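One structure is given below, encoded as C-alpha cells.
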Amino acid sequence: MKHFLKETDFKLHEVAGVLALARELKAKRGRHTPPVLAGQTWAMIFSKSSTRTRVSFEVGIHELGGNPLFLNRNDIQLGRGESIEDTARVLSRFVHGIIIRTFDHQDVERMAAAGTVPIINALTDFLHPCQIYADAFTLAERWAPRGGDLLASLKGRKIAFLGDTACNMAYSWVLGANLFGMKISLGGPEAFRPTREFDAFLAREGFAGGYQFTTDPKEAVREADVVYTDVWVSMGKEEETKERIRTMSPYQVTADLFATARTDAYFLHCLPAHPGEEVTQAVLDNPRSVIFDQAENRLHVQKAIMATLAQVPRA
C-alpha cells in the first residue's frame, strides 16, 4: 500500500510522473478527465479548517469520478476518543482512500500504519507535502520549455523562505527542495530556526545539512529564483501573536527585499496572507506574484496524486 505523507514518499521518477499527469489533467479539465476514481468514495478527515485544501480535494475527487465524504473530527468517534488505529481500520472497510488534515504528524503516520487504503497528508503541523508539489508545479510551468521536463526545470534553482523557518511550510520546502535538486535558504530569527529534531529527520531522509540558515533576510533572498513566506501565526499559536509579529517584523517581504532577488524571481505564498505582516500588499500585487496560480494548482496536482495512488495495487 502506498501513502503520501511526506514529499519523499514518491521517488524522483514518480514525482516526474505526478507533475506530468497534473499538466495533462489541467489541460484537459472541462473536456475529458479520466474517471480513475469511478465508483470510489474518499474520506476527508479535517481537524483543521481550510479553504483551498477542502475545496480542491472535494472538487478533485468529484472530477475524477469519485465521491468525497467530508468528516469533521467531531462528526466521527475519533472526536470522542476512538483510537486513530481503529478509525483507520473501520474506514478502510468503507472507503477507497483517506485524506487527513490535522495537527500532530504522528496521527497520519499511525493512520497509515493501521489503514489498508491510501492515506494522503493534507497538512500537519510538521509537513504540507501537497502544497509543496503544487508550488513546484507552479514554478515548473514557467521554467520548463513547452512540453519539456517539468521536474528537470527545477534543478539548481534557489528558493528563499522567510519568517518562521521552523514551521511546516519551511520544513516541507526544505525536504522538497532537496528532493527536486533545488537550493534553499532560510531567513528568520534565531529563535525560529529549524529544530534539532528536524535536522535529525532530514538526515534520516538522506539530506543532512540540506539548507542554509541566516538571520539576514537580504542574504537569504540574494540571487533567489523564488521568494516564499507564510503567515507568522499559525493555527494553535494565537497566544504568541504579539511576540511573533515583533520578532519577525524584519523578515517582512517588502518590495525592496523582493528586489534583492533575481530580476525574474517569483513570489509565492500558500495563503491565506496577512498583508502588512509577513508580506506587503505591493508584493502580493506584483506581476511576478503567482499566489493564485499556486492555489489553483492544488486542484490539478492533488488530482494527479490521488490518481497515482488509486492505481497502485493493494498489498
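The values are calculated or read from the model by the stated rules, or taken from the named source; none is laboratory data. Computed from a prediction, not measured in an experiment: that's the story for all the values here. Methodologically, a virtual Cβ is constructed for each residue, glycine included, from the backbone with ideal geometry; neighbour enumeration extends over all protein chains shown.
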**Request:** Report, by residue number, each residue of the stretch 10-52 that is part of a helix (DSSP H, G or I) and either within 17 Å of Gly66 (Cα to Cα) or not assigned by TED's automatic domain parsing to the domain that holds Asn67 (or both).
**Result:** Leu25
**Request:** Taking only the stretch 56-86 into account, find how many residues are in contact (Cβ under 8 Å) with a residue 40 or more places away in the chain and of a type in the set (Val, Ile, Thr).
**Result:** 2
**Request:** Out of Glu205, Glu141, report the one residue that is in contact with a Ser or Thr (Cβ under 7 Å, 6 or more places away or on another chain), in the same structural domain as Ser234 (by TED's automatic domain parsing) and either modelled with pLDDT under 95 or among the charged types (D, E, K, R) (or both).
**Result:** Glu205
**Subset of the stretch 225-246 [within 20 Å of the chain's Cα centre (by Cα) and either of a type in the set (A, V, I, L, M, F, W, C) or under 19 Å from Ile184 (Cα atoms) (or both)]** = Asp225, Val226, Val227, Tyr228, Thr229, Asp230, Val231, Trp232, Val233, Met235
**Request:** Give me a count of the residues in the stretch 174-192 that are polar (S, T, N, Q) and not in a strand (DSSP E or B).
**Result:** 1
**Request:** Identify, from the list Val279, Val253, Val233, Val227, the residue that is within 16 Å of Leu162 (Cβ to Cβ), at pLDDT below 95 and of a type in the set (A, V, I, L, M).
**Result:** Val233
**Selection count where residues are outside any helix (DSSP H, G or I) and surrounded by fewer than 23 Cβ atoms within 10 Å (Cβ to Cβ), scope the stretch 69-114** = 13
**Request:** Kindly check whether there is at least one residue in the stretch 201-218 that is touching a Phe, Trp or Tyr at 6+ places or on another chain (Cβ under 6 Å), surrounded by fewer than 21 Cβ atoms within 10 Å (Cβ to Cβ) and within 23 Å of Asp104 (Cα to Cα).
**Result:** no
**Request:** State whether the residues of the stretch 240-258 include one that is on the phi > 0 side of the Ramachandran plot and either surrounded by fewer than 14 Cβ atoms within 10 Å (Cβ to Cβ) or not charged (D, E, K, R) (or both).
**Result:** no
**Prompt:** Checking Gln40 against (1) farther than 15 Å from Val117 by Cβ; (2) more than 23 Å from the chain's Cα centre (by Cα), which single condition isn't satisfied?
**Reply:** (1)
**Item:** Residues located in the stretch 109-123, provided they are under 19 Å from Gln302 (Cα atoms) and either at pLDDT below 95 or more than 18 Å from the chain's Cα centre (by Cα) (or both)
**Value:** Ala112, Val117
